[in-house]
Amino acid sequence: MAKILIAEDDRLVAGMLKDLLELDQHTVELAHNGRDALDLVCSFPYDLLILDLGLPEMEGTEVLNRYRGRGGKLPVLILSGRNDVNHKIEGLDLGADDYMTKPYDVRELNARIRSLLRRQFVADVVSNVLKVGHLEMDTARCEVLKSGEKLKLLPTEYALLEFFMRNRGRVFSASELLERIWKSDSDASENAVRTYITRLRKKIDEEGKASLITSVYGLGYKMEEVDNR
Ligand code: CA
């Protein structure tokens, strides 16, 4: 699961792409012009920017140029109707990580997105499976096993758990989790984050044992690094 910003002025194309990525459990936000895209990508933590070049108010290349100029490090996938080599070279020179032309093949797009996200996350590159203690998450199938038994998780619970499993050992405050997992325009509060963590612990933890997600007093939460061997 990742938080992805799509900058695309064609609302039909943007909507289809959003639906497609949400099927893979990603959190997706849309910007319909270049100026909004630049504002959003500079203000909120995303994991990937999918950028159209022909955008109103500010061209995609300008968005990319300014974003990289401000030190933005996010992976950027240009998805453009312009398929001549000069545009590709320009996009890549400006710091895009990949370039695909429309119309795109859905499977190829998915594969490229997965590849960019793998580079972005501190993850096990050769496998889709994350393991922490008695938990095993197959990120390709969006499945979680607790001591071998399949768990039923709500999408936000899954997203939260995946985030913790990918970043085990690191402490995150409720407000950081809110920024990373929830949509930027969500009404959710830090209390909602705490409620979700309580519910998630009930589902993932083994009775009578310490929780895999520990509270760090005054700082936030972290997933314990458990030796799997
Ligand atoms: Ca366009």
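Odds and ends about this structure:
- Dipole moment magnitude, nearest 20 debye, the chain about Cα centre, only Lys, Arg, Asp, Glu C-beta charged: 780 debye
- Length-normalised contact order of the chain in % [C-alpha pairs under 8 Å, at least 6 apart]: 15 percent
- For the chain, the 222 nm mean residue ellipticity estimated from helices alone, with every DSSP H stretch of n ≥ 4 adding -39500 (n - 2.57) and the total spread over all residues, rounds to -12500 deg cm²/dmol.
- Taking each of LYS3/LYS203; LYS131/LYS202; LYS183/LYS203; LYS152/LYS183; LYS18/LYS222; LYS102/LYS152 in turn, the alpha-carbon distance tops 26 angstrom for LYS18/LYS222; LYS102/LYS152.
- 10 Å-binned pair-distance histogram of the chain (Cα, whole percent): 7, 32, 32, 20, 8, 1, 0
- Under the criterion of Cα pairs below 8 Å and six or more residues apart, the relative contact order for segment 11-136 equals 18 percent.
- Highest mean packing first, where packing is the average number of other Cβ atoms within 10 Å per residue, the peptides 162-169, 201-208 line up as 162-169, 201-208.
Readers should treat all values here as calculations from the given coordinates under stated rules, not as data from a laboratory. Remember, it's a predicted structure, so these values are computed and weren't measured experimentally. Don't worry about glycine lacking a Cβ; one is built from the backbone with ideal geometry, like all the others, and counts go over all protein chains shown.
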